[in-house]
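Engineer: For reference, the structure I am asking about is given below.
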Amino acid sequence: MQVVIDDPRLVPIRARVEAGERLTFDDGLALFRTTDILSLGYLANIVRERLHGSTTYFNVNRHINPTDVCVASCRLCAFGKRVRDPKAYTMSLEEVWHKAGEGYSEAVTEFHIVGGLHPELTLDWFCEMLRGLKERFPQVHLKAFTMVEIAYLARRTKISIRETLQRLRDAGMDSLPGGGAEIFNERVRRIICDHKIDGSEWLETARTAHQLGLRSNCTMLYGHIENDEDRVDHLVKLRTLQDETGGFVTYIPLAFHPDNTPLQHIGKTTGFADIKNIAVARLMLDNIPHIKAYWVMMTPRIAQIALRFGADDLDGTIVEERIYHDAGATTTQGLRRAELLQLIRKAGRVPVERDTLYRPVQRTESTFTVLV
Ligand code: V47
C-alpha cells in the first residue's frame, strides 16, 4: 500500500523505517516537530506490527504506595508530602500486606510498589516488607522501587547501589518500574525536580540493576518546560543504555499532570501530544521491546487510539492509583480485566494477558498459570 506522506521531512524517515534502520537525533526532532500525525502513526505502526503483530498486552496488577512522605519536594509532584504534614501517610508493614490482598477478586500477577523518599523507613524495613509479601503472595511478581528510591536508600544506608539492589533482590524484589527518570536534561531537571538524583545517576542505577540481571522499565515525563531537543536527548540516552545492557523491558511516556503542583500554571498536555509521544518513542526506541500507553495517564479513550500509533501495552487493572490522581487525573482508579479486554478488542487488536516479563498468562476464574 502506497500511503501519502504529507510532511516532506518524513519521507526520508519512511525509507529508513521501511529498511529497519536506526533513526538519528535529527530524525527524532523532525518526528516531534511534524503535525502530520497520521503519517507518524503509519510509520510507528509499521514498527509495532513488525515486533508484535496485532497482539496487545495488559496485566492484572495492583499498585501499592506504602508512603507519600518524601524529602524531595519536586515541583512536578502532587503526591509527596513533608513528614510533619498532617495529610501525609505511612503504612505499617501489616497495612502494606493487608492492602496487597484487598481489591478485586481477580488474582493479580504483579504488585507495583513505589513511594516517597521517607527519611526514617530503613532498607531493612523495605526488605521485611518484600519478604512478607512473598510469604503471603508467593506467585505475585514484585516490581518495586524507582531508581530514585534505590539511590536514596543506598545513600541513607551508606552502602553502594549494587549492594542495595542485591539486598532488595534477595528479599524478593523481582524487577523495577520505570519512574523517576523525568527528563535527563539538567537545566530542566533543576526546575522540575531539583532534589532528585541527576540523569546520569538514574542511568547508572539502571545500568547496575541490569548488570545484576534485574529487568526494569523506563519512562520520560513530558509536557512541562522541556523542548523537542530535551525529549530526543532523553530517548537517545535510554536507547544507548539499552544497547549496552538490554535490560529495559518497556518504555512509558508520562504526560505531566499539573494540578496541585507548584507548576499548576502549565496547562495539561493535549491528546495530540500524548499520541505523538507514543509514536515517536516506538520509532526512536528500536531496541526496547514494548511501548506502554498508560491508561491512567492518557485516559482509556486515548490509550485505545495509541494502540494504532505504536503502543502494544495498556498496563493493567491497577485497582488504586494515587500519584496521578493527586495531580488531577480524572480517570477511574482501576479497570477490570473485562474492561481492558474490551478496549483492546474494540481497537481491532488481540488481547494477551501477560505477567510483568511478558509471558502469557492463562486464566481460569481467579487463578492463573504463567505459560513459559
Ligand atoms: O516517577 C509524578 C511521574 C511517575 C507527576 O514502570 C508525574 O510499569 C505526571 O513511573 N504528573 C510514577 N507524572 C509513575 C510511573 C509508572 C506508571 C505506570 C507504569 C510504570 C511501569 C511506571 O509518575 C513518577 C513521575 O515520573 N509523576 N508526578 C505529575 N504531577
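The values are calculated or read from the model by the stated rules, or taken from the named source; none is laboratory data. This structure is a prediction, so every number in the text was calculated from the model and none was measured. With ideal geometry, Cβ positions are generated from the backbone for all residues, glycine too; neighbour counts draw on all protein chains shown. Note: areas computed on protein heavy atoms with side chains; ligands, DNA, RNA excluded. Shrake-Rupley method; radii C 1.70, N 1.55, O 1.52, S 1.80 Å.
Engineer: Compute the helix-to-body angle for 37-52: its Cα long axis versus the longest principal axis of the chain, expressed 0 to 90° and rounded to tens.
Structural biologist: Rounded to the nearest ten degrees, it is 60.
Engineer: For the chain, find the longest principal axis of its Cα atoms and tell me its angle to the long axis of helix 228-245, 0 to 90°, nearest 10.
Structural biologist: 70
Engineer: If you don't mind, there's one more thing I want to ask. When ligands, DNA and RNA are left out and all protein chains stay put, how many square angstrom of accessible area per residue does the chain have with a 1.4 Å probe?
Structural biologist: Computed with neighbouring chains in place, this is 40 Å² per residue.
Engineer: Can you list which of the chymotrypsin sites (Phe, Trp or Tyr not before Pro) found in the stretch 90-187 are DSSP loop residues with at most 16 other C-beta atoms within 10 Å?
Structural biologist: Qualifying residues, ordered by number: Y104.
Engineer: Moving to a separate point now. Could you pull out the GluC sites (Glu not before Pro) across the stretch 1-73 that fall in loop regions by DSSP (anything but H, G, I, E, B) with no more than 14 other Cβ atoms inside 10 Å?
Structural biologist: Loop-located and lightly packed - E21.
Engineer: Magnitude of the Cβ-charge dipole of the chain, K/R +1 and D/E -1, about the Cα centre, nearest 20 debye?
Structural biologist: Values: 48 positive and 49 negative charges, 50 e Å.
So the dipole magnitude of the chain works out to roughly 240 debye.
Engineer: State the percentage of accessible surface on the stretch 283-329 attributable to carbon and sulfur atoms; use a 1.4 Å probe and exclude ligands, DNA and RNA.
Structural biologist: Here carbon and sulfur together make up 56 percent of the probe-accessible area.
Engineer: What do you get for the angle between helix 123-136 and the principal long axis of the chain? Use alpha-carbon atoms, 0 to 90 degrees, nearest ten.
Structural biologist: Tilt relative to the chain: about 80 degrees.
Engineer: If amide hydrogens are placed 1.01 Å from N in the peptide plane, which non-local residues have theirs closer than 5 Å to the one on T219?
Structural biologist: A181, I252
Engineer: Ok, one more. Carbon and sulfur: what percent of the stretch 61-195's accessible surface (1.4 Å probe)?
Structural biologist: Solvent-exposed carbon and sulfur of the stretch 61-195 make up 49 percent of the total.
Engineer: Can you tell which of A347, H325, L38 lies farthest toward the positive end of the dipole of the stretch 22-357, using +1 and -1 charges on the Cβ of basic and acidic side chains (Lys, Arg; Asp, Glu)?
Structural biologist: With unit charges placed on the Cβ atoms, the residue in question is A347.
Engineer: At what distance in angstrom do the alpha carbon centres of the stretch 296-365 and the stretch 102-132 lie from each other?
Structural biologist: Computed from Cα coordinates, the inter-centre distance equals 22 Å.
Engineer: Counting other Cβ atoms within 10 Å of each Cβ, which trypsin sites (Lys or Arg not before Pro) in the stretch 114-200 have at most 16 and sit in a DSSP loop?
Structural biologist: Answer in residue order: K158.
Engineer: Let me ask you something else. Mind listing the lone cysteines of the chain, meaning no other Cys beta-carbon sits under 4.7 Å from theirs?
Structural biologist: C70, C127, C218
Engineer: Sticking with this structure for a sec: What number of lysine-lysine pairs in the chain show an alpha-carbon separation below 17 angstrom, given a sequence spacing of 8 or more or placement on distinct chains? Please list the in-between numbers first.
Structural biologist: Values: K81/K196; K99/K134; K99/K143; K134/K143; K143/K292; K268/K276; K276/K292.
Qualifying lysine pairs in the chain: 7.
Engineer: Between the stretch 171-186 and the stretch 232-272, how many Å separate their Cα centres?
Structural biologist: 12
Engineer: Rounded to the nearest 5, what is the percent of antiparallel bridges among the DSSP beta bridges in the chain? Provide the component values of the computation, followed by the final result.
Structural biologist: Numbers: 6 of 33 bridges.
If I count the DSSP bridges inside the chain, around 20 percent turn out antiparallel.
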